[in-house]
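Structure first, commentary second.
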Amino acid sequence: SHGQFPRNFHSSDLRGGASYSGRKSSFDTYFDQQESSQNITLLIGEMALLHCTLRNIGNKSVSWLRHRTHIPDLLALNNLTNSLDTRITAIHSHGSEEYVLRIKNVEIRDSGKYECQVGGSSPSDTIYKFIFLEVLEPVTRIIGGDDIYVDRGSTLNVTCVVSAGSRSPKYIFWSHNAKILLFDGSETSKIPYLPRDSKGRFYSRLIIRKIEHSHAGTYKCEPASSPIKTVHVHVLNGTVLAVANGEGNQSSSRSPPGELSNKPSNKIAAPVQQQKPDGGGTSGSFPHQPRYPLLILIIMVSLILQMES
């Protein structure tokens, strides 16, 4: 039943000491020393595969434990899962030396210390090893905020950064009004490996020269296994503003992160002029231009009145 330890189970926390993977004789059970690193880093939603390869296992049992309190939780025994969490599954084929604990759709709460243990008749006969799982929540930002303003004929330079620990996104691609423009991080792209800034974040830059009104619109930065971020690009031509209607952006910061400031700057220190909801005319905080036709009419009327008097 759930939470019940096998008779030969020994908590490594209770007995103390370091993990023992050696053997006293050629008949002893031992861990394969060629296994990959026991520090595993994943992003939210990915699948964790915790491996444990044993030699000379014989008819001994392998337990999977999760350390969260002084008394660890028993998750599995051989290929029998002992968890109410349906994401967790113990995998083992009869006769195989490999034991796997699989966790689907990992979450932040899955981070921590796991143990693969081979029980013996006494604590001194028990061997075990720890696997440390770290689950990260990636963050995507577009430098400059929700809206970027650029003069017609100049250069658009937009930077997207992804914070995902040491895990590089497999790719980052840019799209404009649902059309893919740039694909970074692929072996077939101009930038096969994503660069990192001084803060360790991976980034991709979208550069469009000689910007035109047709370039106005909704741009999306879409990294693998990370949130999508949206930016609206507005093309200025004097007091005329090409405004693209589209989705809102959820970028959380408007300040450039050190060396990743966009150069040349594509932000114009001017308020946005937007279409009124009813579609008639424009509204905004630009200073009102003089109404020349009305001024001329007033002058003409004034002259006529002076002549009549």
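Throughout, read-outs are computed from the coordinates displayed, never taken from laboratory work. This one's a predicted model, so the numbers in the text were calculated from it and none came from an experiment. Cβ: placed from backbone, ideal geometry, glycine included. Neighbour counts: every protein chain shown.
Structure values in brief
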quantity: Relative intensity, log₁₀ I(q)/I(0), of the range 131-208 from a Debye sum that treats every alpha carbon as a point, q = 0.13 Å⁻¹; calculated: -0.46
quantity: Reciprocal of mean inverse Cα separation for the range 92-137 (Kirkwood radius, Å); calculated: 12.9 Å
quantity: Rg/Rg_globular for the range 117-175, with Rg_globular taken as 2.2 N^0.38 Å and Rg from C-alpha atoms; calculated: 2.32
quantity: Dimensionless Rg/Rh of the range 30-136 - Kirkwood Rh, Rg from C-alpha atoms; calculated: 0.94
quantity: Pair Arg209, Ser122: separation of 7 Å Cα→Cβ label points (nm); calculated: 7.8 nm
quantity: Gain upon complete extension [Leu181, Thr86; 0.36 nm per residue less C-alpha separation]; calculated: 30.2 nm
quantity: Charge context of Glu107, other residues only, Cβ under 15 angstrom, K/R +1, D/E -1; calculated: +1
quantity: Inter-label distance, nm, simple model (7 Å from Cα along the C-beta direction), Asp73/Leu303; calculated: 8.9 nm
quantity: Förster radius 25 Å - calculated FRET efficiency between Leu49 and Ser163 (Cβ-Cβ, nearest 0.05); calculated: 0.55
quantity: Separation in nanometres of the label points that stand 7 Å from Cα toward Cβ, at Thr155 and Glu97; calculated: 5.8 nm
quantity: Sum of side-chain charges, Thr140 neighbourhood, beta-carbon under 12 Å (Lys, Arg +1; Asp, Glu -1); calculated: +2
quantity: Size of electric dipole in the range 30-136: Cβ of Lys, Arg +1 and of Asp, Glu -1, about Cα centre, debye, nearest 20; calculated: 160 debye
quantity: Full-extension gain in nm, Asn237 to Asp32, via 0.36 nm per residue minus C-alpha separation; calculated: 67.1 nm
quantity: Modelled FRET efficiency - R0 45 Å, Ile296 with Ile228, Cβ distances, 0.05 increments; calculated: 0.30
